[in-house]
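One structure is given here, and the rest of the page talks about it.
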Amino acid sequence: MDEPSENSNKGGKTGVSKVLSDFVDGLSDEHRMLVVLKAQLYGRTWEPMLDDLKNRLEGKPYIFKLVNRIKDDIERIRQMQNFEEEHNVDLADYVELP
């Protein structure tokens, strides 16, 4: 049964699905930081952040120095990007830093 969670009004959204609520609640601090950076530094899109990380790995110029775990961050971004596409949401509407 899909009842709105206590997070149902975050980001101005109502009736957040249990799937979305569970996904957001299960995000690690590293995942949450990436979502916040996406929203604040990269115009709410993943591709510029992924480009930065890949450029850094290849020794090319990059915009923002995120963390030393670039490959892990790329995988985290891909997971969250897939979730957003599958559920037609922007996690930045639902994630806040602790």
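For this structure, a couple of remarks:
- Label-to-label distance, Ala39 versus Asp25, with points set 7 angstrom from Cα along the beta-carbon direction: 1.9 nm.
- Taking the Cα centre of the range 28-93 as origin and assigning +1 to Lys and Arg Cβ atoms and -1 to Asp and Glu Cβ atoms, the resulting dipole is close to 360 debye.
- Glu47-Asp72 pseudo-label distance in nm [points 7 Å out on the Cα-to-Cβ vector]: 2.8 nm
- 19 Å Cα-Cα reach of Lys54 towards aspartates and glutamates, excluding residues that sit fewer than 8 places from it in its own chain: Glu30, Asp72, Asp73, Glu75
- Remark: the range 44-60, residue by residue, has Karplus-estimated 3J(HN,Hα) of 6, 10, 7, 4, x, 5, 4, 4, 4, 5, 5, 4, 5, 4, 8, x, 8 Hz, where x stands for each Gly or Pro and the curve is 6.51 cos²θ - 1.76 cosθ + 1.60 at θ = phi - 60°.
- Calculated from backbone phi, Karplus (6.51, -1.76, 1.60) coupling profile of the range 76-92 in Hz, x at Gly/Pro: 4, 4, 4, 4, 6, 4, 4, 4, 4, 5, 5, 10, 6, 9, 10, 4, 5
- Estimated FRET transfer efficiency (Glu96, Arg56; beta-carbon r; R0 30 Å; 0.05): 0.65
- Sequence ranges 29-35, 71-77, ranked by mean other-Cβ count within 10 angstrom, highest first: 29-35, 71-77
Taken together, the values in this text are just the output of simple stated rules run on the coordinates, not laboratory data. Bear in mind that the values here come from a model prediction, so they are computed numbers and not experimental data. No Cβ is skipped: glycine too gets one built from the backbone with ideal geometry, and neighbour counts run over all protein chains shown.
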